[in-house]
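The values are calculated or read from the model by the stated rules, or taken from the named source; none is laboratory data. Not measured: the values here are computed from a predicted model. All Cβ positions, even for glycine, are placed from backbone atoms using ideal geometry, and neighbour counts span all protein chains on display.
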Amino acid sequence: MLGIHGLLTWLSHHEYMMMLVILVVSLAATLIFVGNLFAIVYAFGQSVWWGIGVLLIPLFSIVYCARNWERAAYPGKMIYAGLAALGLTYIALLIMMAVDPV
């Protein structure tokens, strides 16, 4: 049995970082997906036109949550947190590639 320390020493630095990136991106994508589902439900609860817009136009849920924050704060927080995690992961990957290219 390797244990966590044995596993981390067995993996190379790049493999460990890529596993972490895949985990963070997966969690961020899940947050965005679930937030969009909630935003669709909230938007249809407010108006059919908002619901159709959020359902059919990509990333329109960001606009809906920003304009209707008092009603859609819960899905907005999920969507914005997921987008922030994706952005920070992308910046971290750029820095990692600049410091230690493969």
Subject >> Total residues in segment 34-79, condition touching a residue at least 40 places away in the same chain (Cβ under 8 Å), under 30 Å from MET17 (Cα atoms) and surrounded by 16 or more Cβ atoms within 10 Å (Cβ to Cβ) >> reply: 6
Subject >> Pair list, Cβ under 7 Å, 6 or more apart: segment 85-98 residue modelled with pLDDT under 90, other residue in a helix (DSSP H, G or I) and surrounded by 10 or more Cβ atoms within 10 Å (Cβ to Cβ) >> reply: LEU93/VAL21; MET96/MET17
**OP:** Quick one: which residue in MET78, MET96 is more than 18 Å from the chain's Cα centre (by Cα), closer than 20 Å to ALA28 by Cα and assigned to a helix (DSSP H, G or I)?
**Re:** MET96
Original post:
What is the residue count in segment 26-75 for residues that are in a helix (DSSP H, G or I) and more than 13 Å from the chain's Cα centre (by Cα)?
Top reply: 32
